[in-house]
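Input: a single structure, listed below in structure tokens.
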Amino acid sequence: MPDEKPALVLHLASGGEPLLFALEPDDVVELSKQLHLHVEHGSTQTIRTKEGTTVAVNFSHVAVAYIDDLQRKGKVFGLH
């Protein structure tokens with residue numbers, strides 16, 4: 001089984017292509033638990049990327065946010 005490449009996927013409320021941020025696998029569990037709260041409350045959160053940089057995300061501008069595996073190919077959203 002290939003290594004997973006988790007990424008935070010953000011679809012902005014204004015439209016356009018989604019933003020993708022590669023994540024450290026160790027950070028995925030905690031971010032997954034909190035992600036819905038950031039979107040619901042429109043909070044600003046600092047996210048650490050796999051490259052070691054941090055980005056401040058203002059979730060009040062995010063319509064949809066989820067964590068996905070960039071390793072998967074040929075997927076259809078909602079189907080396995």
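Remark: accessible surface ordering of Phe21, Phe59 (largest first) is Phe21, Phe59, probe radius 1.4 Å. Element breakdown for the chain at a 1.4 angstrom probe: carbon and sulfur atoms account for 55% of the accessible area. Between 0 and 90 degrees, the angle of helix 25-41 with respect to the longest Cα principal axis of the chain falls at about 40 degrees.
Rounded to the nearest 20 debye, the dipole magnitude of segment 6-69 is 180 debye, with +1 charges on Lys and Arg beta carbons, -1 on Asp and Glu beta carbons, and the Cα centre as origin.
All alpha carbon pair distances within the chain were sorted into 5 Å bins beginning at 0; the resulting P(r) in whole percents reads 3, 14, 25, 27, 19, 10, 3, 0.
Working note: 222 nm ellipticity from helices only, DSSP H runs with n ≥ 4, each -39,500 (n - 2.57), summed and divided by the residues of the chain, gives -7000 deg cm²/dmol to the nearest 500. Once the 1.4 Å probe is applied to the protein heavy atoms, the chain comes out at 71 Å² accessible per residue.
The values are calculated or read from the model by the stated rules, or taken from the named source; none is laboratory data. Everything numeric here is computed off the predicted structure, so don't read it as measured data. Here the Cβ is made from the backbone with ideal geometry for all residues, glycine too, and neighbour counts use every protein chain on show. Quick note on the areas: whole protein, heavy atoms, side chains included, nothing else; ligands and nucleic acids left out. Shrake-Rupley method; radii C 1.70, N 1.55, O 1.52, S 1.80 Å.
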